[in-house]
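Novice: Mind looking over this structure? Questions follow.
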Number of protein chains: 2
Amino acid sequence: MPDTPAVTARGPIARPAPLRQAVYDALTELIINGSLKPGQHLVEAELAEELGVSRQPIREALQRLHTAGWVDLRPSQGAFVHSPTTEECSQLLSVRALLETRSARDAARHATPLDVARLWELQRAGVTALAAGDARAIVEANADLHGHITLLSRNAVLAELIPQVDRRVRWYYMPIARPRGQDAWNEHALIIEAIADGDPDLAEELMRRHTRNTTDFYCQQIAAVTGSAGLPVDLP
Amino acid sequence: MPDTPAVTARGPIARPAPLRQAVYDALTELIINGSLKPGQHLVEAELAEELGVSRQPIREALQRLHTAGWVDLRPSQGAFVHSPTTEECSQLLSVRALLETRSARDAARHATPLDVARLWELQRAGVTALAAGDARAIVEANADLHGHITLLSRNAVLAELIPQVDRRVRWYYMPIARPRGQDAWNEHALIIEAIADGDPDLAEELMRRHTRNTTDFYCQQIAAVTGSAGLPVDLP
DNA sequence: CGATCGATGATTGCATACAGTATTCTGCAT
DNA sequence: ATGCAGAATACTGTATGCAATCATCGATCG
């Protein structure tokens, strides 16, 4: 049948991308890169004009941003960029450690050689970014690597939950990305090897250490600069 | 100052409850109790009329239901009640076990005598419901108990994440609530004792067993009635 | 008789308009 | 000068209207 040639098999064909999705992406980006600061009041009309859409898609995006933990939604007052407390950060890191440890274990059980090759690719990208000293790129590469391990766990629920936590962690610990870079990426390499060997116990243990190190390092940094830079504390 | 008498000190005073919240609650209720069946197409206009509001709050609620995993949102086609696959259920149970095990551990470290008393209250409620044979009430009591343990973990992120998973699990395993009731509530009692004793290791281990038992039982039930009742499999 | 194409109805996505509420500013009394 | 009262303002919450898109059904052609 040469009548249906062009369509190969790549999933549900391109649906018209809903505007709310674009708005959602735009706003998360603005929050992550700091254009919208914690505690800042997000006025729907302003955002609407800035992004060139009406208030409706803005509101729908804000709903999603709320459940994802990016903004707080106070009735009759509107949306405010979420201000994380140090306590919340430590809790987030704690939960992240739990979930990632599990995903590393499952990844070691399911990964194929092709998957492992992809992991090494991401590892190289991270090391490159580290050498270049680009904190932004380091954090992103880190998220990509961890995210891929998540996928390899073959657990859709995990893969759906972890980014919710991880993207926020990513945002919080931007400032510490560079200093801990070297150690972190060495640990990554060990984890990948464990996954490649199909050794669940080892992968789990290594990831446990890795996340613990990251958490500890983060807490030290916080303690050192308590409240001064990077992280605002509490909201009124 | 007799001018401000009624307001005691219970947090932010009563804000006008947004309509979208009521809609959200109403729809989750309708999904859980089966009035809205998996795969069913949710037409905004119908829901709006049925609940006596306009389409706007409906849409906002649907956004939240989407991110919470209750409905699937297909662009230009609307909202459909999510159809869980057996695979997804097992993954959900797996993640729930992970999170609850952790929360039990932390609860044992933080619980006060007052907290424990509250746990025993909930336990009694569950046993009562069990005796009455009311599956609906059993499931609810179960969720309440687990939810309170979550709170005792003093980890806001956990407390926020677990219900996301747990409420869905609750929905899925309604059918098995009664048969496993007796064992489940015996295990609950042991867990509460461990928490009361402030024994994190024991609480963790007991919760691990408890969730594993539940998961196993669930999988058996599924295998027994494969696809026949209770759970629809896959969507087209 | 089956399949393809086109028309119709239904439904979503987006924009706009209106009403209710919180905040802020101004003026006044103390 | 300071504290309070009242009005004006700004923003959110909700409702409605319109255009674009998708699914369904019927007619036409092979």
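Novice: Tell me which of these B:Leu62 doesn't satisfy, since it passes every other one: (1) in a helix (DSSP H, G or I); (2) more than 26 Å from B:Thr85 (Cβ to Cβ).
Specialist: (2)
Novice: Which members of the stretch A:130-184 meet the condition of being within 14 Å of chain B (Cβ to nearest Cβ), open to solvent by 30 Å² or more (accessible area, probe 1.4 Å) and outside any helix (DSSP H, G or I)?
Specialist: Selection gives A:Arg154 alone.
Novice: Give me a count of the residues in the stretch A:28-59 that are closer than 16 Å to A:Ser83 by Cβ, modelled with pLDDT of 95 or more and part of a helix (DSSP H, G or I).
Specialist: The total comes to 0.
Novice: What residue, among those in the stretch A:13-70 that are β-branched (Val, Ile, Thr) and over 16 Å from the mean Cα position of the chain (by Cα), is nearest to DNA strand D (Cβ to nearest atom)?
Specialist: The qualifying residue nearest to DNA strand D (Cβ to nearest atom) is A:Val43.
Novice: Also: Please verify whether the stretch B:117-128 includes one or more residues that are within 14 Å of chain A (Cβ to nearest Cβ) and either in contact (Cβ under 8 Å) with a residue 12 or more places away in the chain or buried (at least 18 other Cβ atoms within 10 Å of the Cβ) (or both).
Specialist: Checking the stretch B:117-128: not a single residue is within 14 Å of chain A (Cβ to nearest Cβ) and either in contact (Cβ under 8 Å) with a residue 12 or more places away in the chain or buried (at least 18 other Cβ atoms within 10 Å of the Cβ) (or both).
Novice: Further question: Filter the stretch A:23-44 for residues that are open to solvent by less than 60 Å² (accessible area, probe 1.4 Å) and without any contact (Cβ under 8 Å) to a residue 12 or more places away in the chain; which is nearest to the other protein chains (Cβ to nearest Cβ)?
Specialist: Ranking the qualifying residues of the stretch A:23-44, first place goes to A:Leu30.
Novice: Does A:Asp201 count as exposed (fewer than 15 other Cβ atoms within 10 Å of the Cβ) and modelled with pLDDT of 85 or more?
Specialist: yes
Novice: Going by the conditions given, is A:Arg167 of a type outside the set (Gly, Ala, Ser) and at positive phi?
Specialist: For A:Arg167, the condition - of a type outside the set (Gly, Ala, Ser) and at positive phi - is not met.
Novice: Here's another thing I want to ask about it. Would you mind stating whether A:Gln77 is within 15 Å of DNA strand D (Cβ to nearest atom), within 21 Å of A:Asp166 (Cβ to Cβ) and polar (S, T, N, Q)?
Specialist: no
Novice: While we're on this one: Could you say which residue among B:Leu62, B:Leu42, B:Leu73 is more than 13 Å from B:Thr28 (Cβ to Cβ) and near DNA strand C (Cβ under 9 Å from one of its atoms)?
Specialist: When all the criteria are applied, what remains is B:Leu73.
Novice: Search the stretch A:66-95 for residues that are on the phi > 0 side of the Ramachandran plot and facing chain B (nearest Cβ under 9 Å) and pair each with any residue that is open to solvent by 30 Å² or more (accessible area, probe 1.4 Å) and of a type in the set (Lys, Arg) when their beta-carbon atoms are under 8 Å apart and the residues are at least 6 apart or on different chains.
Specialist: If the second residue must be open to solvent by 30 Å² or more (accessible area, probe 1.4 Å) and of a type in the set (Lys, Arg), the pairs left are A:Ser76/B:Arg15.
Novice: Related question: Mind counting the residues in the stretch A:97-106 that are more than 18 Å from the chain's Cα centre (by Cα), facing chain B (nearest Cβ under 10 Å) and either open to solvent by 30 Å² or more (accessible area, probe 1.4 Å) or farther than 30 Å from A:Ala194 by Cα (or both)?
Specialist: Total satisfying the criteria: 0.
Novice: Suppose we keep only residues that are surrounded by fewer than 22 Cβ atoms within 10 Å (Cβ to Cβ) and in a helix (DSSP H, G or I) within the stretch A:107-116. Which one would you say is farthest from the chain's Cα centre (by Cα)?
Specialist: The extreme case among them is A:Pro113.
Novice: I'd like the residue in the stretch A:82-96 that is assigned to a helix (DSSP H, G or I) and over 13 Å from B:Asp106 (Cβ atoms) and, out of all such residues, is most open to solvent (accessible area, probe 1.4 Å).
Specialist: The selected residue is A:Glu87.
The values are calculated or read from the model by the stated rules, or taken from the named source; none is laboratory data. On a predicted model such as this, the values are computed, not experimentally measured, just so you know. FYI the Cβ positions are ideal-geometry reconstructions off the backbone, even for glycines, and counts take in every protein chain you see. These area figures cover heavy atoms from the full protein model, side chains too; ligands, DNA and RNA do not enter into them. Shrake-Rupley method; radii C 1.70, N 1.55, O 1.52, S 1.80 Å.
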